[in-house]
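The values are calculated or read from the model by the stated rules, or taken from the named source; none is laboratory data. Here the structure is a predicted model, which means the values were calculated and not measured. With ideal geometry, Cβ positions are generated from the backbone for all residues, glycine too; neighbour counts draw on all protein chains shown.
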Amino acid sequence: MEEDKFTEIIGWAKEQLHEEVSVSKETHGDRSDVFILSTSDKKYFLKVGNDLKKEYERLVWLEGRLPVPKVIAFKNFDGREALLISGMNGKNLKVLSKEWPVEKVVDKLAGAIRAFHSMKSSQFPLGNPKDGDVFIHGDASLPNFIFEGDKFSGYIDLGDMTTGEKETDFAAAIWSLQYNLGKGYGKMFLEKYGVTDVTEEMVERLRLKYEDMQEAWGL
């Protein structure tokens, strides 16, 4: 994307905040270009990409239902979509995995995913849930769960949120745990979530499922 196009979109985002803003590029964003906009006391995130309307719609619907970023503004710039959202206090579980004991990270991840799945999927206007489906995050990897101290702050990167099988989120969680912490924690995660009769074969099947998801995303 051309630098002058970024300049236009960043200028638009600054206008929405009505404050002095400093801007930096987030080097480890998701599938979009991500900028951090900082005011004197708050932090916002500006995402620029081709398919952000889904995340915009989901965040608007989730407000008041689950702890998620607040949508400040959304706009289409000649086919490139811009989504400006509030930051969330705290650190993501990938960062915290360097600070917390492994079992604590696994326990917090399992609890946050279980809470997400507990919402009633029949209420969701953007999907077509089947019997047995639950709300799924869609990319339940460590960076997408924010904690402030021991308290859960919220969920981020919700563009793939939909209704479906729990295994979709299990797959992302297991892959992310192995990628960030090493082998051996998938079984612990599933057991902490509440899955019974867990086997290593089950864990490996789920890990490989997430690799297939990444391939479908073009990653």
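Output the residues belonging to region 50-79 that are basic (Lys, Arg) and either within 22 Å of residue 145 (Cβ to Cβ) or assigned by TED's automatic domain parsing to the domain that holds residue 159 (or both). Answer for region 50-79, where residues must be basic (Lys, Arg) and either within 22 Å of residue 145 (Cβ to Cβ) or assigned by TED's automatic domain parsing to the domain that holds residue 159 (or both): 54, 58, 65, 70.
Quick one: in region 148-187, which of the residues that are more than 12 Å from the chain's Cα centre (by Cα), assigned to a loop (DSSP other than H, G, I, E, B) and not small (Gly, Ala, Ser) is surrounded by the most Cβ atoms within 10 Å (Cβ to Cβ)? Restricting to residues being more than 12 Å from the chain's Cα centre (by Cα), assigned to a loop (DSSP other than H, G, I, E, B) and not small (Gly, Ala, Ser), the top hit is 185.
Does residue 59 satisfy the criteria of being part of a strand (DSSP E or B), under 30 Å from residue 13 (Cα atoms) and not small (Gly, Ala, Ser)? Spelling it out, it is not the case that residue 59 is part of a strand (DSSP E or B), under 30 Å from residue 13 (Cα atoms) and not small (Gly, Ala, Ser). Evaluate the following for residue 191: is it free of Cβ contacts under 8 Å to residues at least 40 places away in the same chain, more than 27 Å from residue 31 (Cα to Cα) and in a helix (DSSP H, G or I)? For residue 191, the condition - free of Cβ contacts under 8 Å to residues at least 40 places away in the same chain, more than 27 Å from residue 31 (Cα to Cα) and in a helix (DSSP H, G or I) - is met. Can you pull out every residue in region 90-137 that is in a loop (DSSP other than H, G, I, E, B) and either surrounded by 14 or more Cβ atoms within 10 Å (Cβ to Cβ) or assigned by TED's automatic domain parsing to the domain that holds residue 73 (or both)? Passing the criteria: 90, 97, 100, 119, 124, 127, 129, 133, 137.
The residue pairs whose first member lies in region 67-82 and is in contact (Cβ under 8 Å) with a residue 60 or more places away in the chain and in a loop (DSSP other than H, G, I, E, B), whose second member is surrounded by 14 or more Cβ atoms within 10 Å (Cβ to Cβ) and of a type in the set (Val, Ile, Thr), and whose beta carbons are closer than 7 Å, counting only pairs six or more residues apart or on different chains, are 69/85; 69/156. Quick check, is residue 152 modelled with pLDDT under 95 and touching a Pro at 6+ places or on another chain (Cβ under 9 Å)? So residue 152 fails the test. The set of residues in region 77-87 being at pLDDT below 95 and of a type outside the set (Asp, Glu) consists of 77, 79, 80. So which residues in region 194-217 are touching a residue at least 60 places away in the same chain (Cβ under 8 Å) and of a type in the set (Gly, Ala, Ser), if there are any at all? Within region 194-217, just 194 meets the criteria. Of the residues contained in region 9-18, none is found to be in contact with a helix residue (DSSP H, G or I) (Cβ under 6 Å, 6 or more places away or on another chain), among the hydrophobic types (A, V, I, L, M, F, W, C) and not assigned by TED's automatic domain parsing to the domain that holds residue 113. Residue check: is residue 20 farther than 26 Å from residue 169 by Cβ and surrounded by fewer than 16 Cβ atoms within 10 Å (Cβ to Cβ)? So residue 20 fits the description; yes.
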